Amino acid sequence: QVQLVESGGGLVQAGGSLRLSCAASGRTFSSYVMGWFRQAPGKVREFVASISRSGGSTYYTDSVKGRFTISRDNAKNTVDLQMNRLKPEDTAVYYCAATTSTIGSMRGLREYEYWGQGTQVTVSS
């Protein structure tokens, strides 16, 4: 089991930037594929980005490609999401997630076993 705690959310104007961070407990962080998901009011939780165990592979949903960057530091047990050129459509609660599975697409909600509590990101026009 791993515990995940997100931080870095807040209020930002359109075009601005935020950096989210997810801190994980335990000594086996490098064994987990890590992902970021988001959920806006009245909408389903959706995939945003994921990163492989070593950090060598990343995946992004089309709507954030070129604007968001996921990274991880296995020595610090953290995964970050750098969010640039934010849009009002990015407003959501952002969740950090982890899975030990390596056979999935790295994009599926049901692939992830462990979840943080979420951090609110609000982008104003």
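Figures for the structure shown
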{"read-out": "Filter pass, F68 being among the hydrophobic types (A, V, I, L, M, F, W, C), open to solvent by less than 20 Å² (accessible area, probe 1.4 Å) and modelled with pLDDT of 95 or more", "value": "yes"}
{"read-out": "Residues of the stretch 78-112 that turn out to be closer than 16 Å to S52 by Cβ and either part of a strand (DSSP E or B) or not small (G, A, S) (or both), as a count", "value": "15"}
{"read-out": "Any pair with Cβ under 6 angstrom, 6 or more apart, that starts in the stretch 54-76 at a residue that is more than 17 Å from A97 (Cβ to Cβ) and ends at one that is not basic (K, R) and not in a loop (DSSP other than H, G, I, E, B)", "value": "T69/Q82"}
{"read-out": "Qualifying residue in the stretch 78-97 (condition: modelled with pLDDT under 95 and open to solvent by 30 Å² or more (accessible area, probe 1.4 Å))", "value": "no"}
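The values are calculated or read from the model by the stated rules, or taken from the named source; none is laboratory data. Everything numeric in this text was worked out from a predicted model, so none of it was measured. Methodologically, a virtual Cβ is constructed for each residue, glycine included, from the backbone with ideal geometry; neighbour enumeration extends over all protein chains shown. Quick note on the areas: whole protein, heavy atoms, side chains included, nothing else; ligands and nucleic acids left out. Shrake-Rupley method; radii C 1.70, N 1.55, O 1.52, S 1.80 Å.
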